[in-house]
Amino acid sequence: MGTTLDRLPIGGLGVIRQLTMNEELKQRAAAFGLRLGGKVKLLRRAPFGGPLVVAIGGTELLLRRALARGIAVELAA
Amino acid sequence: MKHFALIGLPNTGKSTLFNRLTGLSQRVGNWPGLTVGLARAKLLLGGKMVELVDLPGVHDLSGYSDDEAVVREVLQTGDFDAALLVLNASQLDRQLPLAVQLIATSLPCRVIINMADEAKLLGIEIRPEVLTERLGVPVLLVSAKRGQGWPALLDELNRLAAEPTAPRHADLDRVPDNGAAIAAAEGTLSDGWQLPTLLPARWSARLDNWLMHPWLGVPLFFVVMAALFNATYLIGTPLQDGLGELLDAFKVQALVPLFAVLPAIVQSLLLDGVWQGVSTVLTFAPILFVFFTLLALVEDSGYLARAAYITDALMAKLGLDGRGFVMQLMGFGCNVPAVFGTRVMRERGQRLLSMLIIPFSLCSARLQVVVFFASVLFTPAQAPWVLTGLYLLSFAVAIGTAWLFKRRLGGCSEGFLLEIPPYRLPGLKHMLTRATAEVRAFLQLAFNFILIGCVLVWLLTHIPAGDGRTLADAFGQVMAPVLDPIGIPPQLAVALLFGFVAKEVLLGSLAVIYGVPEAGLGAALTTHLDWVSAMSFLIFALTYTPCLATVAAIRQESRSLRFTVLSVVWSTGLAWMLTLLFYQSARALT
């Protein structure tokens with residue numbers, strides 16, 4: 001089932017299927033491990049529209065919801 | 001002499017490794033835009049002198065952030081015999097592409113996998129010999145903090161330095177872009193680096209359940225911050241007072257008799273001008289030292305990233321990120337370390353925006369002025385509300401300024417990505433060496449800046465301008481057209497000038513102006529000023545230009561005279577308009 005990263009349930013694992021953002025941001029995201037086919041797990045969601053914390057491999061990462069909305073993921077088991 | 005470049009991602013312990021190799025102290029963390037002042041150190045390797053240059057931490061050689069541009073520029077223009085790449089052992093999956101890119105530059109490389117101890121704790125298995133074979137360059141596993149794998153690293157570096165090489169520029173045209181590097185790195189890791197299927201339950205995660213809790217996180221954040229400030233002032237203030245007394249004693253015991261033979265005017269210049277400047281600068285040193293030690297603790301322990309998570313929702317609306325909030329709060333203690341602290345931010349725009357609003361935080365020196373005025377001019381029942389009102393005003397001014405300038409200065413807001421590192425226990429020695437380096441840097445800069453300011457104010461108050469008046473009196477007359485509409489009597493213009501040097505001397509200068517001892521200042525104020533004028537003076541004094549030390553810090557950190565001028569002009573202009581608004585409406589209503 002397809003959704004976006006910001007809408008994963010807490011603890012949910014997704015496979016990145018599409019990154020909708022400009023080239024520079026895409027590069028930055030890739031440097032942090034957010035890239036096509038990568039597995040990401042949503043760990044936390046800050047209240048009041050605050051940022052998200054995700055885990056990619058051994059790295060935990062903070063990103064804003066605006067960015068996460070541009071990351072389409074497929075729910076993985 | 002040979003030249004080696006030290007490259008790595010942020011949070012790889014690169015600086016710790018640099019320090020361990022060279023014995024020099026350098027601070028952890030990276031800062032953008034610093035094209036000069038890269039840390040360099042010479043060391044003897046393989047019988048040759050080698051200069052090691054520590055480059056800013058980067059994620060990607062093909063990227064376009066400030067840091068990445070600096071690294072590219074240095075690699076492309078400098079002659080290097082080799083490049084040493086530092087990677088974090090726990091994160092090879094996303095760091096290896098940088099190795100692929102660096103190897104492609106055709107500079108001789110050594111890959112140093114650092115933080116082996118932490119990776120082991122996480123249950124990660126690393127086989128450097130497999131990675132050496134796959135990458136085609138020697139890969140070494142070390143822990144710079146614990147010294148693990150150090151003899152092997154030194155052997156390898158000695159061998160590398162002894163090899164006859166021709167120094168060269170890095171060939172950046174051959175660097176694959178990030179996507180290609182990632183693809184190339186992908187196959188390399190299998191067998192060579194394995195994450196445990198399930199990371200062992202770490203206390204890091206448990207701690208995060210508290211510190212990043214949806215509604216406990218915010219109160220805990222304020223508890224941590226309150227502890228930090230209290231510790232800074234609990235330890236720093238007695239030191240500052242002690243040093244102040246020591247300097248005063250030195251002045252009275254040594255300088256006064258020493259200069260006694262000089263003409264009175266020269267004595268005054270040296271004691272009230274130059275010495276005043278020197279001692280003002282020096283009294284900042286203890287509090288800065290304590291602050292930087294504690295900031296190192298907050299940053300290196302990993303809490304700063306959690307604080308950013310907690311406060312980001314609010315700061316995002318102001319065009320800032322969560323780390324800016326910590327510095328804004330810090331500014332309520334003293335603006336100077338807060339301005340230095342903005343280094344934890346990566347993007348220059350965000351740093352500038354933070355530096356622009358930090359001076360609006362009511363620092364403790366200004367608080368002293370407020371408390372004094374409030375207690376003299378208002379009843380005990382009113383005074384706390386005046387104080388609260390001025391705090392709210394300072395918040396409102398900071399938020400308004402951020403909102404106004406966010407488009408001009410603030411960087412790309414959605415691109416805010418921050419690694420949440422596992423908690424670490426920073427070494428005490430490292431925190432202390434880092435604090436020492438920071439304080440030294442501040443003293444070097446501030447000395448000239450503040451000294452000149454103090455001497456100028458002395459000149460103003462001592463050079464006669466005819467009719468028994470000094471330049472300062474004349475200055476008051478000149479400023480009258482500007483100060484009249486906001487209800488500030490011309491003789492107070494000099495006090496504002498003193499306040500520019502250091503807010504701490506504002507009250508003292510008022511006492512001089514009214515010709516009373518500081519103890520009699522309260523009575524003098526009530527006879528010379530009504531409450532509307534006093535409030536006007538207060539509002540203006542709290543909002544106008546930050547003290548010289550803060551201006552010096554902004555100049556040093558922004559590396560831009562234009563921005564420094566903008567900061568001073570904006571705050572002074574805003575102060576004038578706010579005071580005008582207050583004074584005119586208060587006069588109209590009463």
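The values are calculated or read from the model by the stated rules, or taken from the named source; none is laboratory data. Since the model is a prediction, treat every value here as computed from it, not as a measurement. Here the Cβ is made from the backbone with ideal geometry for all residues, glycine too, and neighbour counts use every protein chain on show.
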Item to check | Only one of B:Gly147, B:Gly136 that is farther than 18 Å from B:Asn158 by Cα and not polar (S, T, N, Q) | outcome: B:Gly136
Next on the checklist: Going by what's in this entry, would A:Glu74 be described as more than 11 Å from chain B (Cβ to nearest Cβ) and over 9 Å from the mean Cα position of the chain (by Cα)?
Outcome noted: yes
Checklist entry - Residues in segment B:309-332 that are under 16 Å from the mean Cα position of the chain (by Cα), of a type in the set (A, V, I, L, M, F, W, C) and either within 18 Å of B:Arg351 (Cβ to Cβ) or in a helix (DSSP H, G or I) (or both): how many? => result 6
Next on the checklist: Exactly one of these conditions fails for A:Val54: (1) crowded, with 21+ Cβ neighbours inside 10 Å; (2) closer than 14 Å to B:Glu419 by Cβ; (3) facing chain B (nearest Cβ under 9 Å); (4) modelled with pLDDT of 90 or more. Give me its number.
Outcome noted: (3)
Checklist entry - So which of B:Arg408, B:Arg424 ends up being surrounded by fewer than 18 Cβ atoms within 10 Å (Cβ to Cβ) and within 14 Å of chain A (Cβ to nearest Cβ)? => result B:Arg424
Item to check | Count - residues of segment B:441-468 that are loosely packed, with under 14 Cβ neighbours inside 10 Å and not aliphatic (A, V, I, L, M) | outcome: 6
Checklist entry - Is it the case that A:Ala66 is surrounded by 22 or more Cβ atoms within 10 Å (Cβ to Cβ), at the interface with chain B (Cβ under 9 Å from one of its Cβ atoms), at pLDDT below 95 and out of contact with any Leu (no Cβ under 6 Å at 6 or more places or on another chain)? => result no
Next on the checklist: Go through segment B:164-179 and report how many residues are more than 14 Å from chain A (Cβ to nearest Cβ), surrounded by 13 or more Cβ atoms within 10 Å (Cβ to Cβ) and not in a strand (DSSP E or B).
Outcome noted: 6
Next on the checklist: So if I check each of B:Leu141, B:Leu121, B:Leu198, which one is farther than 26 Å from A:Glu24 by Cβ, modelled with pLDDT of 90 or more and of a type outside the set (Asp, Glu)?
Outcome noted: B:Leu141
Checklist entry - Name the residues in segment A:6-48 that are basic (Lys, Arg), more than 9 Å from every other protein chain (Cβ to nearest Cβ) and part of a strand (DSSP E or B), would you? => result A:Arg17, A:Lys39, A:Lys41
Checklist entry - Which fully enclosed helices (runs of 4 or more DSSP H) of segment B:201-301 have 3 or more residues being small (Gly, Ala, Ser)? => result B:217-250, B:276-301
Checklist outcome for this item: Residue pairs within 8 Å by beta carbon, gap of at least six or interchain, first lying in segment B:296-324 and more than 13 Å from chain A (Cβ to nearest Cβ), second among the aromatic types (Phe, Trp, Tyr) and assigned to a helix (DSSP H, G or I), listed first then second, are B:Leu318/B:Trp403
Checklist entry - Name the residues in segment B:135-163 that are basic (Lys, Arg) and surrounded by fewer than 16 Cβ atoms within 10 Å (Cβ to Cβ), would you? => result B:Arg146, B:Arg159
Next on the checklist: So if I check each of B:Arg110, B:Arg146, B:Arg159, which one is of a type in the set (D, E, K, R), farther than 23 Å from A:Leu34 by Cα and part of a loop (DSSP other than H, G, I, E, B)?
Outcome noted: B:Arg146
Checklist outcome for this item: Note on B:Phe292: of the conditions (1) surrounded by fewer than 16 Cβ atoms within 10 Å (Cβ to Cβ); (2) closer than 24 Å to B:Thr550 by Cα; (3) aromatic (Phe, Trp, Tyr), unmet is (1)
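Residues are listed down the side, and each one gets a yes or a no for (1) farther than 24 Å from B:Val71 by Cα; (2) hydroxyl-bearing (Ser, Thr, Tyr); (3) more than 14 Å from every other protein chain (Cβ to nearest Cβ):
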site	(1), (2), (3)
B:Leu84	no, no, yes
B:Arg94	no, no, no
B:Ile113	no, no, no
B:Glu125	yes, no, no
B:Leu131	yes, no, yes
B:Pro138	no, no, yes
B:Arg159	yes, no, yes
B:Ala162	yes, no, yes
